[in-house]
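Have a look at the structure below, then the notes.
The values are calculated or read from the model by the stated rules, or taken from the named source; none is laboratory data. Because the structure is a prediction, the values reported are computed rather than measured. Methodologically, a virtual Cβ is constructed for each residue, glycine included, from the backbone with ideal geometry; neighbour enumeration extends over all protein chains shown. For the accessible areas, the whole protein counts, side chains as well, though only heavy atoms, and no ligand, DNA or RNA atoms are used. Shrake-Rupley method; radii C 1.70, N 1.55, O 1.52, S 1.80 Å.
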Amino acid sequence: MLEELNIKDFALIENDFLEFEKGFTVLSGETGAGKSILIGALSFLLGGKAEVSQIRAGKNEASVSGTFVLPQNQTVRNLGEDDEALNAFEWLEQHGIQIENNRVLLRRYIRDTGKSGAWINDTPVTRGDLAAFSAFLVDIHGQHEHQSLMKVPEHRKFLDSRAGLTAEVEVFTKQYALLVGLRRQLEQYSLSESERLRKLDMSTFAVKEITEAKLKKDEDTSLEDEESRLLSFEKIYSDVDEIGKTLGGSEASVTDLLKKVRRNSSHVAEMDKSVTALDERIESAFYELSDIAAEFASYQNKLVFDPARLAQVQERLSLIYNLKKKYASSVNAPLSEVFDYCTQAQRFIDENADGADKKDKLTAQIKDLEKELLVRAEAISKKRKACAQQLSVEVDSILANLGMKGTHFGVSLVEKEGNDVVQKCGPYGKDNIEFLISANPGTPLLPLAKIASGGELSRVMLALKTIFAQNDSVETLIFDEIDTGIGGEVAVAVGSHMKKLAKNRQIFCITHLASIAVYADNQIKIEKAVTGGITSSNVHLVQGEERVAEIARMLSGDADTQASLGHARAMLEKYSGGF
């Protein structure tokens, strides 16, 4: 649930801080007041595009932050790196992000230089990570990016969730991954026997050669540094000797001269306390340079040219050079590539040493697993088809109440292409799943993404979200342009449905219709103002008589007449239980 939102210098919004509650919240205001800007700011926070044009005129940075309260009834499984997170808690766990009191803070900015940044709590994240995580928090339906039901891969997830198949499909996916791994191993045995033996000999030789070299991590760089020092011994010794003489090796040395300066400054400080600080600095400089001189002298005493050690270093570097030439991408590649080659070669040896016996075992294991997966896929597909038929009836019924009589919703389940058992199964079963819609009687079912009308699309989303509410973990839903092309009884039905959906979710809706707004638990008004020639949008919660006036304005465009105000009060009493 979105708890707080702070917007600064985003488009027309200068600085707004908003607190939100659960339930149904309506965003209203006159055309052009900036209602969509508020949704745009939230979309930006959730990982939408960051553009310099979003920065308020005359400013150099736009920023948006928001606090979300995560649901307490979600479980966290022990996931591997490749496992897919099913809720916000699992995603945070995978990325090592800690939270307190089930709250998470998202922050994002864009500067006029084009630079942008994002954080989840105190952890910096990429835009992709931000979008992936926020998909568990908010769905924005309208002319924005967060439309999970418009993404075909999500259709399979929704249908499986509705059918209670999520856990069953997860087991199938893990078994399928095991099958893929076994097939990959079998490919190694598909080599000709002579090729397998040749590669086995090469791998064995490589492992032996690399192992006997007894390489150490980053040994090449440390040896190169040592070789450089040994080759430069004469120059190093000469420079250090000169440093020693200059600092403290003669009567004209720096420390000797500084000693005289220190004696004189001390006398001056005794006579004039105002130079005490300068005297202390001279004293500090004297001791510091004396210490440096002593350390250089100690370093010089330890300098010894060892030609035998130089020969050893160069011999070792030659060995490493040859190993890199054989087993790394280039002689300048990091030594880690040689270690990686050795690991891969050892893996090939382990997987191929048994020869034909292991190949036969793998083939039998794969066939058994393929049969098992086919049985599982058939069972999953059968349950999906049953759920799809029920879902179609439920959605059609709701759409009829939302002013879309004659509209038909369907679910396409098409068996994956292939000529055998292996090819007909994918990681989620044997079905390609997509939601379809026919907007008018007699027209064929088309992919949901083909719907052109924003209003129709939002009502389809509303119908689906009403049905999926019990299975969907996303708690905050935002509907933009849901009232396009509707009015009268249909608008009342839309408001009623949103009110119902808001019993278990936090719902936001941008609307021009009073028939929808009166159902809201909370109403936020967006107003445009011009101050000093600068336009800004102001956002605030309306309550009491101010809300009555706003509903009256939405009814007739006039918030001052007694008739409009009376009608607004009556509607709020009837549909919202007061104001």
Candidate residues Trp119, Trp91: accessible-area rank, largest first, probe 1.4 Å: Trp119, Trp91
Segment Phe17-Ser397, extension gain: residue separation times 0.36 nm, minus the distance between their alpha carbons: 132.8 nm
Where a label projected 7 Å from the Cα of Asp256 along Cα→Cβ would reach, residues of region 271-293 with amide N under 18 Å: 286-287, 289-293
Separation of the Asp306 and Ser232 label points, Cα + 7 Å toward Cβ, nm: 1.9
Under 5 Å, built H, 5+ apart or other chain: amide partners of Ile526: Ser28, Gly29
FRET efficiency, 1/(1 + (r/R0)^6) with R0 56 Å, evaluated for Phe468 and Asn322 via beta carbons: 0.35
Extended-chain gain in nm, criterion 0.36 nm per residue less alpha-carbon gap, Lys115 and Ile99: 3.0 nm
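What length, rounded to one decimal in nm, is gained on full extension from Leu79 through to Thr204, with 0.36 nm per residue of separation minus their alpha-carbon distance?
Residue separation times 0.36 nm, minus the Cα-Cα distance, leaves 41.4 nm.
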Theoretical FRET efficiency, 1/(1+(r/R0)^6), r = Cβ-Cβ of Glu219 and Asp350, R0 22 Å, to 0.05: 0.25
Prolate/oblate/rounded call for region 271-337, Cα gyration tensor, a/c under 1.5 rounded: oblate
Descending semi-axes in whole angstrom, ellipsoid equivalent of region 4-156, from the Cα gyration tensor: 27, 18, 16
Largest-first ordering by accessible area, 1.4 Å probe, given options His497, His408, His567: His567, His408, His497
Counted charge near Asn121, where neighbours are those whose Cβ lies closer than 11 Å (Asp, Glu -1; Lys, Arg +1): 0
Sum of side-chain charges, Glu489 neighbourhood, beta-carbon under 15 Å (Lys, Arg +1; Asp, Glu -1): +2
Accessible solvent surface per residue of region 1-92, calculated while the other protein chains remain in place, 1.4 angstrom probe, Å²: 45
Glu242-Ala285 pseudo-label distance in nm [points 7 Å out on the Cα-to-Cβ vector]: 2.3
Convex hull volume per residue in cubic angstrom - Cα atoms of the chain: 260
